[in-house]
Number of protein chains: 2
Amino acid sequence: MEDILNTCRAKKLRITKALTAIVGVLMEQKLPVSLADLESHPDLRKICDRTTIFRTLHRLEDIGLLRRLNFSERGAKFTLKTGHAHNEYLICEDCGTVQALDIACPVHKLEEELAKETGFTKLHHELEFYGICAECK
Amino acid sequence: MEDILNTCRAKKLRITKALTAIVGVLMEQKLPVSLADLESHPDLRKICDRTTIFRTLHRLEDIGLLRRLNFSERGAKFTLKTGHAHNEYLICEDCGTVQALDIACPVHKLEEELAKETGFTKLHHELEFYGICAECK
DNA sequence: ATACCTGCAAAGTCTTTGCCTTAGG
DNA sequence: CCTAAGGCAAAGACTTTGCAGGTAT
């Protein structure tokens, strides 16, 4: 938590009540969350409105602390980049549940090769497996 | 083309002018396209409107001929599932260009393991690499 | 003949911006 | 103090739906 706030300070963000609350909520998430998820979170509902969350998320993204994911049909989801970020997810197309896969990155080597072959920099990836889960089948 | 239309017939879709035109345009695409891309395509612009394309895409998705992808920040993109579908893409976060990677699927084995371990069925995946391309850097 | 399909317009949903106020450094 | 951040309301950008009329089978 302090690490994150220090990075914010270093990047000239002001440490406001909203920022600390949002970072706090983001830290306790096991899965990526949407803007709407945050808006309705009890710790945020009363202290800041949607616009503040929206802009704060973008600031965090700009300074490289937050990753935006696009796997939901409608709307982005966000996850902190700190620590052991998961980049692989398993999603049921029927009930919509998402689980992070706790596996070694299966495309790390490929990513390095791509960087070499294509000249792309700052490579990262997003890998989602979709299917129908055991319950829904 | 005939294969696709036959599948449509088998699934009780009516073979309308709009359907054949949309399938035709989809077949000539090398990359996934958005609803807006289709709407402005010269072969479609005059013969059908956005709603028709929207609903046709959903019908094609329902009968399993079309895949919906979510990698663009805003709005879905679609690609036919026929033949050698690409499931891996390389995307520049600055200029937004997308290229399909012509590589052997790097997660095929993992996908089979997942099916076995989790009980998921109908597994498929979406893998996107993001970065900054050589020109934009 | 009868479902299904189409087009237009309108309603939704979620994101983004303008502008004035508040408060961090 | 000075400038970034917050809040409200309104504008955007797409997507989705209702309904009347057209068309494939």
Study note, to complete from the structure: Flagged as over-length at 20 Å C-alpha distance, from B:Lys17/B:Lys46; A:Lys116/B:Lys137; A:Lys81/A:Lys122; B:Lys81/B:Lys116; B:Lys12/B:Lys77; A:Lys30/A:Lys137, the pairs are B:Lys81/B:Lys116; B:Lys12/B:Lys77; A:Lys30/A:Lys137
Exercise for review: Using only alpha carbon positions, build the gyration tensor of segment A:84-137, then give the equivalent ellipsoid semi-axes as the square roots of 5 times its eigenvalues, largest first, whole angstrom.
Suggested key: 29, 11, 9
Check your understanding: What's the long-distance tail for chain A, i.e. % of Cα pairs beyond 23 Å?
Key -> 43 percent
Revision key, fill the gap. Sorting from shortest, the nanometre distances separating the label point of A:Thr121 (7 Å past Cα along the line to Cβ) from those of the same residue in the other copies are 4.9
Review point. What ranking do A:87-93, A:45-51 get when scored by the average of other Cβ atoms within 10 Å per residue, highest first?
Key: A:87-93, A:45-51
Check your understanding: Normalised by the residues of segment B:84-137, what does the relative contact order come to in percent, with Cα pairs under 8 Å and at least six apart?
Key -> 48 percent
Practice item. For the protein assembly as shown, just say rounded, prolate or oblate: build the C-alpha gyration tensor, square-root its eigenvalues into a ≥ b ≥ c, call rounded for a/c under 1.5, and beyond that prolate if a/b exceeds b/c, oblate if not. Key: prolate
Practice item. Enter the mean number of other protein chain beta carbons within 10 Å of the beta carbon of each residue in A:112-120, as an integer. Key: 4
Revision key, fill the gap. homo-copy label distances at A:Leu31 (7 angstrom along Cα-Cβ), nm, one dp, ascending, are 3.1
Practice item. Under 1.5 on a/c is rounded, so check that first for segment B:33-98, then, if it is not, pick prolate when a/b is larger than b/c and oblate when it is not; a ≥ b ≥ c are the square roots of the alpha carbon gyration tensor eigenvalues. Key: oblate
Practice item. For A:Ser72, place a label point 7 Å out from Cα along the Cα→Cβ vector, do the same in each other copy, and report the separations in nm, one decimal, smallest first. Key: 2.1
**Study point:** Average partner coverage of A:130-136, which counts Cβ from other chains inside 10 Å
**Key:** 5
Exercise for review: Convert each backbone phi in segment A:23-40 into a coupling constant with the Karplus relation 6.51 cos²θ - 1.76 cosθ + 1.60 (shift: θ = phi - 60°), then list the ³J(HN,Hα) values in order as whole Hz, x for Gly and Pro.
Suggested key: 4, x, 5, 4, 5, 8, 7, 8, 10, x, 10, 8, 4, 5, 4, 5, 4, 9
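Every number here is computed from the coordinates shown, using simple stated rules; none is lab data. A quick note: this is a predicted structure, and the numbers were derived from the prediction, not measured. Cβ atoms come from the backbone with ideal geometry, glycine included; neighbour counts cover every protein chain shown.
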